[in-house]
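S.K.: I have a structure I would like to understand better, so I am pasting it below and will then ask my questions one at a time.
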Amino acid sequence: MSEALVQAGPPPGAVSEVAQLPPQESHAAVDQVFRFFCSLRLTLANLLLLFVAMIAGTFVNPQNDSLVNIERAFANRPLVLASYRWFELYDLFHSWWFTLLLASLALNLIACSIGRLPRIWYLVRYPVTRLDQVAGLRFWTAPSSTLLSTAALAERLRARKYRVRAAEDDLFAEKGLYARFGVWVVHLSLLLILGGGIVGRLTAFEGVANVPQGGGQVDSFVERRPDGSQFRHKLVDPDGRPFLVRCDDFRLKEFEPGRPKAFESDLRVFRKLPDGSAGEELARETITVNHPLRYAGLTFYQASYQQLEEGMRARMKIVDKAIGAEVERLAAPGEPIEAAEGLSYQVIDYQEDFSGLGPAVQVVRMEEPPGSRAQPGPTGRPRPSKDARISSFWVFARRPDFDRDNRDDRFAFRFDRLTPFYATGLQIARDPSTPVVYAGCFLLFFGIGIAFYTSHKRIWAQLRDGKLALGGAAHRNAEAFGREFDELCQELGVRGRGGGERAAS
């Protein structure tokens, strides 16, 4: 039995069901969709749902727990757990349905703007310039005798900041034309804010990294997602080149022991070389809680800290007398400090008050002869050879230059204090929508100022047979314009009238 091939999908040249309708019905379907997105009901529904969603987001996951913890808490309530999973209530403001609400409101704003903009644009671009063709004016005057010419009348209006158009015996003057577009500036700002929220939902992320002080560095960080999963990001710039972040120092200020007042970190950014070491320095910053480091589209916030060791470390400065260089180190007890080839130092003791001279540390100097090397000891730390020259000395906190002035050595030590050894906790975030949202907020205030505090004012004048008739209109704040219109009538010597409507003659 032969088999015939059956075409899957629409035949060539097929069009959608809407396109197959007669032109009138096709246009009607598009018009219905457009009217739906233009409707005020959709606007109210979107705003109401967003309002309810924001209230719900405050209560459904107030501790910002991950999905793993929520699954553990609602293990015996499958319906509640299913709703958390389906509606992504563990991260409501980044959920799919909240994003759809933002997109719906954005489409609603776009449709409303498109539906109303052509009429306003036509009104502004092609205004009615003859008084006898304007109907429904609230402010107008009957023709009154005047000695003013058309040119003199135009100069009076220009003195009041009006832009004047003259045609034979008719004048048209207007100012505040931009006030008509204040509402569209507001619409544009809201679209930027909504668009920024959607883009942020799709592209933004944040993670954490703990960097030990005293030269610790990281080349990646861990993003902990709301669903409990983790993803490791490499630190790379927009061109794909890797870099490192190093913590040179961390400082903790406390009101009293156990009550932190402030903390800050000295960070440097380096290019990462192929062997993993640090290359060219790219940026440096001392970050605090509200002053982050920004580099390569990433923002490094000072988020937390943790003590890595129970013991204390000596904050030392090592001065190379030969070249004048100075390096700061946090030295642990017994930790080798490699100063040069075959030369190392170790901090071995601490005295709170050494012979009345205050806090001091004892340092051991070990110098291996040429061709000899220290061997690893039982703890993994180097053990000097039998031919090594070993000596010790004390370094005093209150006399920082004592070692430099009294010991004949290339390297001199300064002791500051004992300090805990910390790791600074960095929150690393990327959100390309932030400048878009900020621009939207700025435009929002700017648009509200235009929309509510400015108005488009128009004056019509008709000068025939020595008689002058005036008409005026403002699309907002008519009472203030009425006073301005009365002042103009008084200045021109005509009797003003207002409060009624003037029919076209």
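S.K.: Hey, A322 hits all of (1) in contact (Cβ under 8 Å) with a residue 60 or more places away in the chain; (2) outside any strand (DSSP E or B); (3) open to solvent by 80 Å² or more (accessible area, probe 1.4 Å); (4) of a type outside the set (D, E, K, R) but one; which does it fall short on?
M.R.: (3)
S.K.: A follow-up question, please. Just the residues that are of a type in the set (G, A, S) and either part of a loop (DSSP other than H, G, I, E, B) or free of Cβ contacts under 8 Å to residues at least 40 places away in the same chain (or both), please, taken from the range 205-229. Even if it seems obvious, please write down each step before you answer.
M.R.: We begin by selecting, within the range 205-229, every residue of a type in the set (G, A, S); these are 207, 209, 214-216, 220, 228-229.
Passing the criteria: G214, G215, S220, G228, S229.
S.K.: Can you tell me how many residues in the range 86-97 are open to solvent by less than 20 Å² (accessible area, probe 1.4 Å) and of a type outside the set (S, T, N, Q)?
M.R.: Here is the first cut: in the range 86-97, the ones open to solvent by less than 20 Å² (accessible area, probe 1.4 Å) are 92, 95.
Restricting the remaining residues to those that are of a type outside the set (S, T, N, Q) gives 92.
Total satisfying the criteria: 1.
S.K.: Could you please let me know if G472 is in contact with a Ser or Thr (Cβ under 7 Å, 6 or more places away or on another chain), part of a strand (DSSP E or B) and not aliphatic (A, V, I, L, M)? Show your work before the answer.
M.R.: Values: in contact with a Ser or Thr (Cβ under 7 Å, 6 or more places away or on another chain): no; part of a strand (DSSP E or B): yes; not aliphatic (A, V, I, L, M): yes.
The answer is no for G472.
S.K.: Would it be correct to say that E285 is farther than 17 Å from A423 by Cβ, open to solvent by 40 Å² or more (accessible area, probe 1.4 Å), modelled with pLDDT of 90 or more and in a strand (DSSP E or B)?
M.R.: Values: farther than 17 Å from A423 by Cβ: yes; open to solvent by 40 Å² or more (accessible area, probe 1.4 Å): yes; modelled with pLDDT of 90 or more: yes; in a strand (DSSP E or B): yes.
So E285 fits the description; yes.
S.K.: Now for a separate question. What is the one condition in (1) part of a loop (DSSP other than H, G, I, E, B); (2) at pLDDT below 90 that M312 does not satisfy?
M.R.: (1)
S.K.: If you don't mind, there's one more thing I want to ask. Give all pairs with beta carbons closer than 7 Å in which a residue from the range 446-466 that is on the phi < 0 side of the Ramachandran plot meets a residue that is in a loop (DSSP other than H, G, I, E, B) and of a type in the set (S, T, N, Q); count only pairs at least 6 apart in sequence or on separate chains.
M.R.: Hits for this filter: S455/N477.
S.K.: Next question. Condition first: open to solvent by less than 50 Å² (accessible area, probe 1.4 Å), more than 30 Å from R156 (Cα to Cα) and in a strand (DSSP E or B). Now tell me which residues in the range 414-469 satisfy that.
M.R.: F415, T419, P420, F421, Y422, A423, T424, G425, L426, I428, A429 - these are the residues of the range 414-469 that are open to solvent by less than 50 Å² (accessible area, probe 1.4 Å), more than 30 Å from R156 (Cα to Cα) and in a strand (DSSP E or B).
This table checks each residue for (1) surrounded by fewer than 18 Cβ atoms within 10 Å (Cβ to Cβ); (2) on the phi < 0 side of the Ramachandran plot; (3) out of contact with any strand residue (DSSP E or B) (no Cβ under 8 Å at 6 or more places or on another chain); (4) among the aliphatic types (A, V, I, L, M).
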site	(1), (2), (3), (4)
R313	no, yes, no, no
E335	yes, yes, no, no
A340	yes, yes, no, yes
P370	yes, yes, yes, no
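S.K.: Residues in the range 178-198: is at least one closer than 30 Å to R417 by Cβ, of a type outside the set (D, E, K, R), modelled with pLDDT of 90 or more and surrounded by 17 or more Cβ atoms within 10 Å (Cβ to Cβ)? Quick ask: steps written out before the conclusion?
M.R.: Residues of the range 178-198 that are closer than 30 Å to R417 by Cβ, as a first pass: none.
Checked the range 178-198: no residue is closer than 30 Å to R417 by Cβ, of a type outside the set (D, E, K, R), modelled with pLDDT of 90 or more and surrounded by 17 or more Cβ atoms within 10 Å (Cβ to Cβ).
S.K.: Here's a follow-up. Could you please find all residues in the range 161-188 being touching a residue at least 60 places away in the same chain (Cβ under 8 Å), charged (D, E, K, R) and touching a strand residue (DSSP E or B) at 6+ places or on another chain (Cβ under 8 Å)? Reasoning before the result, please.
M.R.: Going through the range 161-188, the residues touching a residue at least 60 places away in the same chain (Cβ under 8 Å) turn out to be 162, 169-188.
Cutting the leftovers down to charged (D, E, K, R) gives us 169-170, 174-175, 180.
Result: D169, D170, E174, K175.
S.K.: When only residues in the range 380-405 that are among the hydrophobic types (A, V, I, L, M, F, W, C) and modelled with pLDDT of 90 or more count, which is farthest from the chain's Cα centre (by Cα)? Give the derivation first.
M.R.: Kept after step one, since they are among the hydrophobic types (A, V, I, L, M, F, W, C), are these residues of the range 380-405: 388, 390, 393-397, 402.
In the following step, the residues that additionally are modelled with pLDDT of 90 or more were identified as 390, 393-397, 402.
Details: I390: 57, F393: 53, W394: 52, V395: 48, F396: 48, A397: 45, F402: 51 Å.
Among residues in the range 380-405 that are among the hydrophobic types (A, V, I, L, M, F, W, C) and modelled with pLDDT of 90 or more, the one farthest from the chain's Cα centre (by Cα) is I390.
S.K.: How about the range 166-185: which of its residues are within 34 Å of the chain's Cα centre (by Cα) and either in a loop (DSSP other than H, G, I, E, B) or not aromatic (F, W, Y) (or both)?
M.R.: Filtering the range 166-185 for residues within 34 Å of the chain's Cα centre (by Cα) gives 176-185.
Selection gives G176, L177, A179, R180, G182, V183, V185.
S.K.: If you don't mind, there's one more thing I want to ask. Given the residues L308, L298, which is the only one that is open to solvent by 40 Å² or more (accessible area, probe 1.4 Å) and either under 30 Å from R430 (Cα atoms) or out of contact with any Lys or Arg (no Cβ under 7 Å at 6 or more places or on another chain) (or both)?
M.R.: Working: L298 fails: open to solvent by 40 Å² or more (accessible area, probe 1.4 Å).
Exactly one residue qualifies, and that residue is L308.
S.K.: Taking I428 as the residue in question, decide whether it is under 33 Å from the mean Cα position of the chain (by Cα), within 20 Å of K161 (Cβ to Cβ) and touching a residue at least 12 places away in the same chain (Cβ under 8 Å).
M.R.: No: the conditions fail for I428.
S.K.: Limited to the range 230-266, what total is found for residues that are closer than 17 Å to T299 by Cβ, open to solvent by less than 90 Å² (accessible area, probe 1.4 Å) and outside any strand (DSSP E or B)?
M.R.: Residues meeting the conditions: 2.
S.K.: What's the number of the only condition in (1) in contact (Cβ under 8 Å) with a residue 40 or more places away in the chain; (2) open to solvent by 70 Å² or more (accessible area, probe 1.4 Å); (3) in contact with a helix residue (DSSP H, G or I) (Cβ under 9 Å, 6 or more places away or on another chain) that P143 fails to meet?
M.R.: It is condition (3) that P143 fails.
S.K.: If you scan the range 388-413, which residues turn out to be open to solvent by 50 Å² or more (accessible area, probe 1.4 Å) and either part of a loop (DSSP other than H, G, I, E, B) or under 15 Å from L357 (Cα atoms) (or both)?
M.R.: First, pick out the residues of the range 388-413 that are open to solvent by 50 Å² or more (accessible area, probe 1.4 Å): 389-392, 394, 398-402, 404-406, 408, 410.
Residues satisfying the conditions are W394, R398, R399, P400, D401, F402, D408, R410.
The values are calculated or read from the model by the stated rules, or taken from the named source; none is laboratory data. In this text, all values refer to a predicted model and were calculated from it rather than measured experimentally. Neighbour counts are summed over all protein chains in view; Cβ atoms, including those assigned to glycine, are modelled from backbone coordinates with ideal geometry. Side chains included, ligands, DNA and RNA excluded: accessible areas come from the protein's heavy atoms. Shrake-Rupley method; radii C 1.70, N 1.55, O 1.52, S 1.80 Å.
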